[in-house]
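Bear in mind that the values in this text are calculations on the coordinates, not laboratory data. Model, not experiment: these values are computed from the prediction. Glycine also receives a Cβ, built like all others from the backbone with ideal geometry; neighbour counts cover every protein chain displayed.
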Amino acid sequence: MHYIIIGGGVAGLSAAIALGKRGEEVDLYEKESHVGGLCTNWSRPPYTFNGCMHWLLGSSSGTSFYDMWNSIIDIDKLDFIYHEVRMEMPVRARNARGEYAAFRLFSDAERLRSHLIENAPEDSTLINRFVNAVCMASKHLNVLPPLWNKGVFGNFRQALTMTSMLTVLDIVRYFGKFTTHTFSEQCVSEWLKEVFRRLYTTPTPMVAVVFSAAYANRGVAGYPIGGSAALTHLMERSIPSNVHLHLSSPVTNIIVKRGKATSVILEDGNEVSADHIVSAADWYWTMNHIVVNGKPYEYKEPSLPLYHSYCTLNLGVHMPMDGEPHFQRLLLDEPLLSPDGTMYEEVELEVFNFDRSLTGGDTTRTCMTINLPTHEGGFWIDLYRDNMQKYRKKKNILAGKLLQILSMHYGSEFAMSIEAAILATPATYHRFTNNHLGSSQGWQPSLNVVRQKGDVGMSVHDIKSLSLCGHWTMMGGGLPIAMRSGLLIP
Ligand SMILES: Cc1cc2nc3c(=O)[nH]c(=O)nc-3n(C[C@H](O)[C@H](O)[C@H](O)COP(=O)(O)OP(=O)(O)OC[C@H]3O[C@@H](n4cnc5c(N)ncnc54)[C@H](O)[C@@H]3O)c2cc1C
């Protein structure tokens, strides 16, 4: 069969490699001059900024994601780092000893348990319930992907994992009732209340918190040295010869005739036919560019909230930054008001002192990133389109405020050490990848995504020979989900 794939992000690349290995003829069209989509690095010599990757689920054995990655690439070729402490955060409330103690999100579940009980012994029962769930989940990580897609009793393999399923369902039954915010209300200790409330920048389902803690505890989600591009370069090198990669080749329309997708139109006007068309591009882009018998496709708008986008400030500094936490939250004395109207009481700061490949091995230089999650992608995208001067001005205002925060934190000489700076906004993500409103992971994870699967899954109503893959097509988003959806193309 001849396949056309639209989009060379992680989903499109995964689909291309899997189909190519199956012996299919594949043409992959990517609008940019490089593959990767959101999973990319930005180069400002001597600095390389990691555009996405914090951690990659399936980096080592222990989940079925490892086997899935290995079915398309030799994932062991990547050099992964597993942080002992995933995040550090100062806490405003006092702990049980009346002290101001920082919270450390230890990867090891038992160290996390001791740390929490030491600071909030009055909540031992709740802490034990949480950490026990993390430990139980750690033993049953393999069950999740089969459960997501095929239904509980879908096949023999699932029947074999019955005990795992019951354990997972037990965790989901209890923790499914809570988000980080509502769980924090269960705590007696003001310190622990604050820890859970601020664990993530937005209220996050506690089931997701338990499972990501379990991934960290099992050491199955690491950061690859070299960042995002380390993964996508490996994927690009693994493309079989029967897959033809067309870079700088935007697709403008998907043509459907008599209920079947038959071809795509390229930006240069050429029409290319195939037996099967796969859109690994943004869900909204796909729906808005299907042409059925000469007319735009009419689709049902899903009532699903989007995952947030980001404003990110990437800095290259001529400072070693040794000993700095790799990921921390900085509490702000005064809230930061972004030009898009989002108010931040704290900011996330990543210091890549653990990956010197990003500075070409130079240990006197360091890359840093401040991440500001935002749901106001439309503000930046409209401004970029309508008024470039104003867009730049607003970006400069935000960058200035962030640099002020860093100078207060590191001292006034910090500004002098900055050699490179890039501020990305949702308009940047949208421009380079077409992701709707700059969403960083598709839909916000919720059971509604599963309920609406018929509307937002991997196929399109009434259209044959058209499949969708990518972080918009399955609950959870992120790199492993993008990859997995690519492997499921029929
Ligand atoms: C700041 C940030 C941090 C993140 N951190 C993590 C993390 O630590 N771990 C994790 O698992 N996930 C993380 N993610 C999420 C992850 O990056 C995405 O979920 C994943 O990369 C999505 O892959 P995709 O292939 O589905 O989509 P995309 O990466 O959006 O790929 C779509 C591709 O289609 C191309 N395209 C679009 N329209 C067309 C067209 N008309 N013609 C041709 N090509 C087209 C685009 O150029 C792009 O290459 C992060 C995301 C961001 C933004």
For the pair D268 and D322, what calculated FRET efficiency results from E = 1/(1 + (r/R0)^6), where r is the Cβ-Cβ distance and R0 = 56 Å, to the nearest 0.05? 0.65
With charges only on Cβ, +1 for K and R and -1 for D and E, what is the dipole size of the chain about its Cα centre, in debye, rounded to 20? 960 debye
Estimated FRET transfer efficiency (K300, R97; beta-carbon r; R0 60 Å; 0.05): 0.60
Selection from I397, T363, Y410, by position along the positive dipole direction of region 316-410 (Cβ): I397
Sorted by mean Cβ packing within 10 Å, highest first, what order do the peptides 71-77, 330-336 take? 71-77, 330-336
When you count, for each residue, the other Cβ atoms within 10 Å and take the mean per peptide, how do 379-386, 204-211, 273-280, 295-302 rank with the highest first? 273-280, 204-211, 379-386, 295-302
On the formula 1/(1 + (r/R0)^6), with r taken between the Cβ atoms of E118 and I225 and R0 of 25 Å, the FRET efficiency rounded to 0.05 is 0.15
Say each of N253 and D67 gets a label point 7 Å from the Cα, pointing the same way as Cα to Cβ; how far apart are those two points in nm? 4.4 nm
Could you work out how far the C-alpha centroid of region 393-408 sits from that of region 62-133, in angstrom? 31 Å
Ignoring everything except DSSP H segments at least 4 long, calculate the 222 nm mean residue ellipticity for the chain; use -39,500 (n - 2.57) per segment, divide by total residues, nearest 500. -10500 deg cm²/dmol
For the chain, percent of DSSP beta bridges that are antiparallel (nearest 5) comes out at 70 percent
Identify all lysines with a Cα-Cα distance to K177 below 19 Å; exclude those on the same chain that are fewer than 8 residues away in sequence. K193
Cα gyration tensor of the chain - equivalent ellipsoid semi-axes, whole Å, descending: 37, 29, 21
Measuring from the longest principal axis of the C-alpha atoms of the chain, the long axis of helix 206-218 (C-alpha) lies at a number of degrees, nearest 10, equal to 80 degrees
Among 15-25, 283-293, what's the highest-first ranking by average C-beta atoms within 10 angstrom per residue? 15-25, 283-293
Could you work out the relative contact order of the chain, using alpha carbon pairs under 8 angstrom and six or more residues apart, expressed as a whole percent? 21 percent
